[in-house]
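So the structure is just underneath, and the comments pick up after that.
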Amino acid sequence: MSPEKPRKSKPSSPPRSAPSADRHHEHDGRIEYLDRKLAEFGIRIKDADSQKVTGEVFDEVTLLALYKLVNKKIISSMGGSISTGKEANVFLAGKTDEEGEEISAAVKIYRLRTGNFTTMSEYILGDPRFAGIRRTHKDIIFAWTKKEYSNLSRTKEAGIPCPTPYAFDRNILVMEFLGEGNIPYPQMRQCLPGTPAEAYEETIGLIRDLYQKARLVHGDLSEYNILTGPNGLILIDMAQAVTPEHPRAYNFLFRDIKNINRFFANKCKTTDEHELFRNIVAEEFFEI
């Protein structure tokens, strides 16, 4: 009779906290990897705040784009997060100016994993400037970044206050930092320049100038994407802006006007949306 083989003891189940711990270690490992990569690129991390979203924002495609921007000496350092939106994170960064001094810049990184493909497509696919774009998720986000650079350039050239765009690559846009002492200027909802009536007239003036001088419609204008600077109001978040040729340009323009009237309705006297619309587009809309 053969001796009885010893029974193998079943491995004990890991504690319930183990999966969470594994994820924690994996996240820490990824942050270490990304920090190492950024260091290899010559990017100094100014503070620990920028690590909070590295796992979500700095994937391999983004790292490659960042590497190219560093090689072109457009970015010299990365700091903490300025803002986190639905599609993008904005970081404070350092940029070397013509005199060799480091100045503050803003680096906007559109997230490849969580970007709102449907919303972006609505604004891009009807824009004649991007008629040949492929409809893949990644290509739409790359086009979205390029579109914001183009819109900011166009707005700036028209003499309308907005951030100066410096460069873009893939899903990264580098632009002027709007603020003082590394603190961004407040949104219009937080601080009005002058009286509400003056701020209202200035905002309507921005909408009018954007359409008549830059030939753009913001498309998502509200009290959240207008900043109050020392010299007045400044337009930001221009990726979705479209030219008048876009099939929904006039719908977007009327919506922008309604949003601004809504914000100022309980602060000062506002002008009827239809009257403002007619004054801004003049005879163009009615000639179509």
Gain in span if fully extended, ARG248 to LYS213, counting 0.36 nm per residue against the direct Cα distance: 10.7 nm
In sequence order, what are the phi-derived ³J(HN,Hα) couplings for region 68-77 according to the Karplus relation 6.51 cos²θ - 1.76 cosθ + 1.60 with θ = phi - 60°, rounded to whole Hz, with x for glycine and proline? 5, 5, 5, 4, 7, 6, 8, 10, 10, 7
Skipping prolines and chain starts, which residues have an amide H placed within reach, meaning under 5 Å, of the one on GLY85, given they are 5 or more residues away or on another chain? VAL90
Placing each pseudo-label 7 Å from Cα in the direction of the beta carbon, ARG262 and ARG135 end up separated by a distance in nanometres of 2.9 nm
Which whole-number percentage describes the relative contact order of region 82-123, with Cα contacts under 8 Å and a sequence gap of 6 or more? 36 percent
Extension reserve of the HIS274-GLU157 stretch, reckoned as 0.36 nm per residue once the Cα distance is removed: 39.3 nm
Anything over 32 Å Cα to Cα? Flag those among LYS95/LYS269; LYS86/LYS156; LYS108/LYS269; LYS146/LYS269; LYS213/LYS267, in the order listed. LYS95/LYS269; LYS108/LYS269; LYS146/LYS269
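Coordinate-derived values only; no laboratory data. Since the structure is predicted, the reported quantities are computational estimates derived from the model, not experimental observations. Note that each Cβ is placed from the backbone with ideal geometry, even for glycine, and that neighbours are counted across all protein chains shown.
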